[in-house]
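Take a look at the structure below.
The values are calculated or read from the model by the stated rules, or taken from the named source; none is laboratory data. The model shown is predicted, which means the values in this text are computed figures rather than measured ones. All Cβ positions, even for glycine, are placed from backbone atoms using ideal geometry, and neighbour counts span all protein chains on display.
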Amino acid sequence: YINRNIVGAVVGSQLFGGHHKSGNGPKAGGPEYLKKFCYEYSISNNIVAMGENAHFVKPDGEILVTWDRPKKIGSNGWFLNYRFHQPDLENLLRQRLDGYTNVFVNLESTVVNLEQNENSVEVEVKDATLGKNIIFKSQYVVGCDGAKSFVRSKIGGNYIDLGFHEPWLVVDLLIKKPESNKVKDSFHYCDPERSSTQVYLGEKRKRWEFRLNPDDDPHKIVEPKNVWKLLSRWISPSEAELERAVVYTFHASIASQWRKKRLLIAGDAAHLTPPFMGQGMCAGIRDACNLSWKLNEIINKNVGDTLLNSYQTEREAHVRKFIELTIDMGKLINRTRTDLLLGPVKNSIKGPQRISNLLPALGNGIGKREKDWEGRIFPQAQLESGLLMDDAIGLRWALFSKIRLSQNNIKRIEQDFKRLDVRILSDFPEEIYDWMRKKSCVAVLVRPDRYVYGTAKTKKEIVFLVSDAMKEIYG
């Protein structure tokens, strides 16, 4: 989950960019983080749409696989599938940034050098507006500068190739009669002659993607006449306006090194995910959320920066699971063979196979990993006040306990509670009680990024749980 508290912590004080927008393409949103990220700021502006199921279809129309996307609120307090137009979201976020006095956005600028020492990083920026280079100082630099990341080049290492590189034509359409655009499902057409995808992006937009064949000319295939020829099976120029057509090469890879002292990378700078699950941007937001609370501990609470050693170990294992499943989906789209279905794709007795939602655990890092649910995202419920738990708790640790600690127990760990800034909750929604019953625990300690640190079955274990967290963070 990502909320305004977390956003405020992660952006720091300087944002540099050479472009006004990242691009004009719509985006699909997946599990937990993206929903809070885009929904809170954009639902009132009518730029978010709810998507529905995704189907993998053979050329004869038979459905090979269905990925169910429930039409109800999930365990994280949000729907499982949102769609939005990225420039609209970016405009809203820019407006939100105007309200932060500690954030400076410098567009039309390029970072040309980074020099770090024991205490800070010097960022040399070529400012096109001023026509000169400027030096900024920062405690840490997080490079969210894409696949060709300059910050990554300063960190060193290389990209680990996960074996998926395909050119695809991406076509975005503006629907002329939005009221006619009622089918909210997405379709992946598993055609060996030319794989393609159709995605609902709200009433006003739809996207098609077509895999390029070896004999396709990437310059000619984007010409309107050729684009409409590919689209003719589904839609005509009388029904929609061509917003853009561009060829992208979809990659699957992970950077070998995400940090070097005070330099870090996140998002596409750290990993590239094919688009078949709509998880690329989600993964970048998860990176930011993982980093934000750790940087907050280091900068504002004088925690040692060894805390950042857990960033790559936790996030790389998590994002790799999504990339691997996305690659399997790409293989399915391209080959139509059901024996390629791996991981969460399960056989059903009748009809198409179904894909379960992937909710992997973090890799080794901060917290227990003794039980299956430790290191996984904690559910979110609505409080009696109407607030969601994230909004009530904020960017801090939280201890959910079904039993009240004795004064003796509290005294033993009182200083730990204060220093960790733990919010103690002993009265919470039934959904949380139910989660704890299923795990046979009486308490759960949750990290600021809402992942489960660990659980306890007794008062004594609660004391040890908080003490262990204190030792991990503060040493």
Subject >> Per-region count, the stretch 255-308, residues among the polar types (S, T, N, Q) and surrounded by 22 or more Cβ atoms within 10 Å (Cβ to Cβ) >> reply: 4
Subject >> Residue ID - nearest to the chain's Cα centre (by Cα), chosen from residues in the stretch 255-292 that are of a type in the set (Ser, Thr, Tyr) and more than 21 Å from Tyr451 (Cα to Cα) >> reply: Thr273
**OP:** Go through the stretch 393-404 and give me each residue that's out of contact with any strand residue (DSSP E or B) (no Cβ under 8 Å at 6 or more places or on another chain) and either surrounded by 17 or more Cβ atoms within 10 Å (Cβ to Cβ) or assigned to a strand (DSSP E or B) (or both).
**Re:** Leu395
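Name the strands (runs of 3 or more DSSP E) wholly inside the stretch 60-123 in which the number of residues that are loosely packed, with under 13 Cβ neighbours inside 10 Å and assigned by TED's automatic domain parsing to the domain that holds Ile135 is 1 or more.
Numbers: elements: 63-67, 82-85, 104-106, 109-116.
The qualifying strands (runs of 3 or more DSSP E) are 109-116.
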**OP:** Output the residues belonging to the stretch 88-108 that are acidic (Asp, Glu) and touching a residue at least 12 places away in the same chain (Cβ under 8 Å).
**Re:** Asp88, Glu90, Glu108
**OP:** Would you mind finding the one in Asp416, Asp468, Asp434 that is over 18 Å from Ser292 (Cα atoms), outside the structural domain of Lys72 (by TED's automatic domain parsing) and free of Cβ contacts under 8 Å to residues at least 12 places away in the same chain?
**Re:** Asp434
**OP:** Determine whether Ala317 is among the hydrophobic types (A, V, I, L, M, F, W, C), under 21 Å from the mean Cα position of the chain (by Cα), not in a strand (DSSP E or B) and not assigned by TED's automatic domain parsing to the domain that holds Ala398.
**Re:** yes
Subject >> Ser238 touching a residue at least 60 places away in the same chain (Cβ under 8 Å), assigned to a strand (DSSP E or B) and surrounded by fewer than 22 Cβ atoms within 10 Å (Cβ to Cβ) >> reply: no
Original post:
From the list Lys418, Lys368, Lys438, which one is modelled with pLDDT of 85 or more and surrounded by 13 or more Cβ atoms within 10 Å (Cβ to Cβ)?
Top reply: Lys368
**OP:** Might you check whether a residue that is within 29 Å of His55 (Cα to Cα) and at pLDDT 95 or above occurs anywhere in the stretch 297-316?
**Re:** yes
Original post:
How about the stretch 183-201: which of its residues are in contact with a Lys or Arg (Cβ under 6 Å, 6 or more places away or on another chain) and closer than 18 Å to Glu239 by Cβ?
Top reply: Val199, Tyr200, Leu201
Original post:
So Lys331 clears everything in (1) touching a residue at least 12 places away in the same chain (Cβ under 8 Å); (2) in contact with a helix residue (DSSP H, G or I) (Cβ under 7 Å, 6 or more places away or on another chain) except one condition, right? Which one?
Top reply: (1)
Original post:
Got a sec? Which strands (runs of 3 or more DSSP E) wholly within the stretch 140-229 have at least 3 residues that are farther than 30 Å from Ser292 by Cβ and assigned by TED's automatic domain parsing to the domain that holds Trp293?
Top reply: 159-175, 186-189, 196-200, 205-211
**OP:** Would you point out which residue out of Leu130, Leu162 is surrounded by 13 or more Cβ atoms within 10 Å (Cβ to Cβ) and either more than 26 Å from the chain's Cα centre (by Cα) or not polar (S, T, N, Q) (or both)?
**Re:** Leu162
